[in-house]
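Here's the structure, in structure tokens; my notes come after.
The values are calculated or read from the model by the stated rules, or taken from the named source; none is laboratory data. Just so you know, these numbers come straight off a predicted model, no measurement behind them. As a convention, Cβ positions derive from the backbone with ideal geometry for all residues, glycine included, and neighbour counts pool all protein chains shown.
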Amino acid sequence: MTIKQPPRFAGRLLKRLVPAQNHDILLGDLHEEYQRGRSVAWYWLQILAALVVRSWKDVRANPLVAARAVVTGLIAQMLLLSAFSSLQNVLTGAGFMWAGRWIGLPWSWHWPYAPSLGLIMQGIWITGHVMIGWLFVRLHRGHGVTMVLVYCCVSGALHAIGLLQIARVTPWSPHFFTPLYLAANGQAREWLLLIAGGFSATRRAEAA
């Protein structure tokens with residue numbers, strides 16, 4: 001009789017993303033359930049649920065580390081926004097600040113290819129968020145992507161509060177759903193980039 005083996009990558013992924021917790025007992029129980037006829041989808045859902053629950057346990061056990069991670073993320077993202085805005089001003093020929101003075105650039109400096117500028121700025125935006133996620137894990141190596149997930153939750157909450165404040169002072173309009181969708185889409189892309197950067201900095205786990 002052939003023994004039904006669960007997806008090994010799922011177990012290794014859990015160990016890699018949340019290394020601060022011991023997952024051997026959980027993986028053993030999931031292995032037994034899988035052999036009793038559970039599906040691959042069920043197994044992956046259990047792994048994802050364990051990722052969330054055990055990340056939360058890690059945060060509760062290390063609240064000061066989580067707070068430091070959030071502050072680090074906010075500072076890093078503000079620096080990225082500042083650098084992004086400054087670089088865009090230089091590339092478009094608007095100018096730059098120097099010693100408290102605005103230095104305008106000549107018209108000949110203006111970027112002549114708008115589509116190329118958009119691609120360059122998008123590449124910088126993507127690279128910046130991936131690097132922030134990478135920095136999270138490098139500074140909190142023993143916690144995997146837990147601190148990245150914490151920052152994503154806090155960032156999402158802050159964005160939601162901002163949108164609610166805008167909704168309170170803005171007269172109702174059916175067109176309000178468009179900026180809401182764009183904001184949610186942008187937030188989701190930021191989360192994916194941060195998590196991807198964090199994952200690239202994690203250590204490979206041993207076979208589950």
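Answer with yes or no whether L117 is in a helix (DSSP H, G or I) and either under 18 Å from L193 (Cα atoms) or at pLDDT 90 or above (or both). Criteria not met by L117. Among the residues of the range 151-171, are any touching a Pro at 6+ places or on another chain (Cβ under 7 Å), modelled with pLDDT under 85 and in a helix (DSSP H, G or I)? For the range 151-171, residues touching a Pro at 6+ places or on another chain (Cβ under 7 Å), modelled with pLDDT under 85 and in a helix (DSSP H, G or I): absent.
For every residue, the table says whether it meets (1) exposed (fewer than 15 other Cβ atoms within 10 Å of the Cβ); (2) closer than 30 Å to L27 by Cβ; (3) over 19 Å from the mean Cα position of the chain (by Cα).
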residue: V130; (1), (2), (3): no, yes, no
residue: V145; (1), (2), (3): no, yes, no
residue: L182; (1), (2), (3): yes, no, no
residue: Q187; (1), (2), (3): no, no, no
residue: I195; (1), (2), (3): no, yes, no
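The set of residues in the range 1-32 that are part of a helix (DSSP H, G or I) and without any contact (Cβ under 8 Å) to a residue 12 or more places away in the chain comprises F9, D24, I25, G28, D29, E32. In this structure, does A41 turn out to be loosely packed, with under 13 Cβ neighbours inside 10 Å, within 19 Å of the chain's Cα centre (by Cα), outside the structural domain of V145 (by TED's automatic domain parsing) and of a type in the set (A, V, I, L, M)? Answer is no for this residue.
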